[in-house]
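**Student:** Mind having a look at this structure? Questions to follow.
The values are calculated or read from the model by the stated rules, or taken from the named source; none is laboratory data. The structure presented is a predicted model; accordingly, all values stated were derived computationally and were not measured. Every residue, glycine among them, receives a Cβ derived from its backbone with ideal geometry; neighbour counts consider all protein chains shown.
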Amino acid sequence: MTVYADTSFFVSTYIADNHSTVADTLLRAGSPVWFTSLHYAEWTHAIAQQVFRAQMSPSDAHRVHKALAQDRAAGMWVEAAVSENAFELCAELARRHGPRLGVRTLDTLHVACALQLKAEQFWTFDERQAKLAKAVGLKG
C-alpha cells in the first residue's frame, strides 16, 4: 500500500510534537511513503519557522535537516516528482471542494499530488485536508 503524507507528518516524524507518537506508529506499519519537492520546500519553511519562533535552535535545525537528508539518501522515503498536472488538479479540487471545506492551496496541492501518484492512503494532522482527502477517495 502506498502512502502520501502531508508535510506536517514529516515534521512530526523528526521533531517531537503532539502528533509524533501517531506518526511513529503509522511509520512502523512499513508502508512506502512518497516524498516530493513540495514536501522538501514546505519542510524547509517549517523548520525555519521553528527557529524564527525560538522553538528550535539553529544547531537543532541543522541536525534535523541532516537527519532528513540521511533518510532520503538511504531510501527511507519514496522520492517522486510533482507532476505539472498536479497544479491543474489542485485548481479543480479547489473549485469542487474549496467552497464547502475551506481548504488552502498547499493542502489541496498535497491531495492533488497524492492522487497523481495513485496513493492509497493519505496521512495528515490537518482536519480540512483530511476531509478533502476523504472526499476524493483517499483513506486516512
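**Student:** Only one of (1) within 22 Å of Thr44 (Cβ to Cβ); (2) of a type in the set (A, V, I, L, M); (3) in a helix (DSSP H, G or I) fails for Val82. Which number is that?
**Tutor:** Val82 satisfies every listed condition except (3).
**Student:** Taking the condition of being on the phi > 0 side of the Ramachandran plot and either among the aromatic types (Phe, Trp, Tyr) or not in a loop (DSSP other than H, G, I, E, B) (or both), how many residues in region 4-47 meet it? Quick ask: steps written out before the conclusion?
**Tutor:** Quick first cut of region 4-47, residues on the phi > 0 side of the Ramachandran plot only: 30.
Within this subset, residues satisfying the condition of being either among the aromatic types (Phe, Trp, Tyr) or not in a loop (DSSP other than H, G, I, E, B) (or both) are none.
Total meeting the criteria: 0.
**Student:** Give me a count of the residues in region 27-42 that are closer than 18 Å to Gly75 by Cα and either at pLDDT 95 or above or of a type in the set (Gly, Ala, Ser) (or both).
**Tutor:** First pass over region 27-42, keeping only residues closer than 18 Å to Gly75 by Cα: 27-40.
Okay, now just the ones that are also either at pLDDT 95 or above or of a type in the set (Gly, Ala, Ser) (or both), so 29-31, 33-40.
The qualifying residues number 11.
**Student:** Of everything in region 99-113 that's of a type in the set (D, E, K, R) and farther than 12 Å from Ala133 by Cβ, which residue is nearest to the chain's Cα centre (by Cα)? Spell out the reasoning first.
**Tutor:** Initial filter on region 99-113 (of a type in the set (D, E, K, R)): 100, 104, 107.
Now narrow it down to the ones that are farther than 12 Å from Ala133 by Cβ: 100, 104.
On the way: Arg100: 22, Arg104: 14 Å.
Ranking the qualifying residues of region 99-113, first place goes to Arg104.
**Student:** If I filter region 87-104 for residues that are over 23 Å from Val22 (Cα atoms), touching a strand residue (DSSP E or B) at 6+ places or on another chain (Cβ under 7 Å) and assigned to a loop (DSSP other than H, G, I, E, B), do I get at least one hit?
**Tutor:** No, there is no match, as no residue in region 87-104 is over 23 Å from Val22 (Cα atoms), touching a strand residue (DSSP E or B) at 6+ places or on another chain (Cβ under 7 Å) and assigned to a loop (DSSP other than H, G, I, E, B).
**Student:** Of these, Ala112, Ala91, which one is farther than 15 Å from Asp6 by Cβ and touching a Ser or Thr at 6+ places or on another chain (Cβ under 9 Å)? If you could, list the steps in order and put the result at the bottom.
**Tutor:** On the way: Ala112 fails: farther than 15 Å from Asp6 by Cβ.
Criteria check complete, one pass: Ala91.
**Student:** Let me ask something additional. Considering each residue of region 49-62, count those that are part of a helix (DSSP H, G or I) and surrounded by 14 or more Cβ atoms within 10 Å (Cβ to Cβ), and give that number. Walk me through it before giving the result.
**Tutor:** If we filter region 49-62 for residues that are part of a helix (DSSP H, G or I), which is where we start, we get 49-52, 58-62.
Keeping just the survivors that are surrounded by 14 or more Cβ atoms within 10 Å (Cβ to Cβ) gives 50-51, 60-61.
Residues in region 49-62 being part of a helix (DSSP H, G or I) and surrounded by 14 or more Cβ atoms within 10 Å (Cβ to Cβ): 4 in total.
**Student:** Now a separate question. Among the residues of region 16-46, which ones are aliphatic (A, V, I, L, M) and under 14 Å from the mean Cα position of the chain (by Cα)? Before you say what the answer is, go through the steps one by one.
**Tutor:** The first filter runs over region 16-46 and keeps only residues aliphatic (A, V, I, L, M), leaving 16, 22-23, 26-27, 29, 33, 38, 41, 46.
Ala23, Leu26, Leu27, Val33, Leu38, Ala41, Ala46 - these are the residues of region 16-46 that are aliphatic (A, V, I, L, M) and under 14 Å from the mean Cα position of the chain (by Cα).
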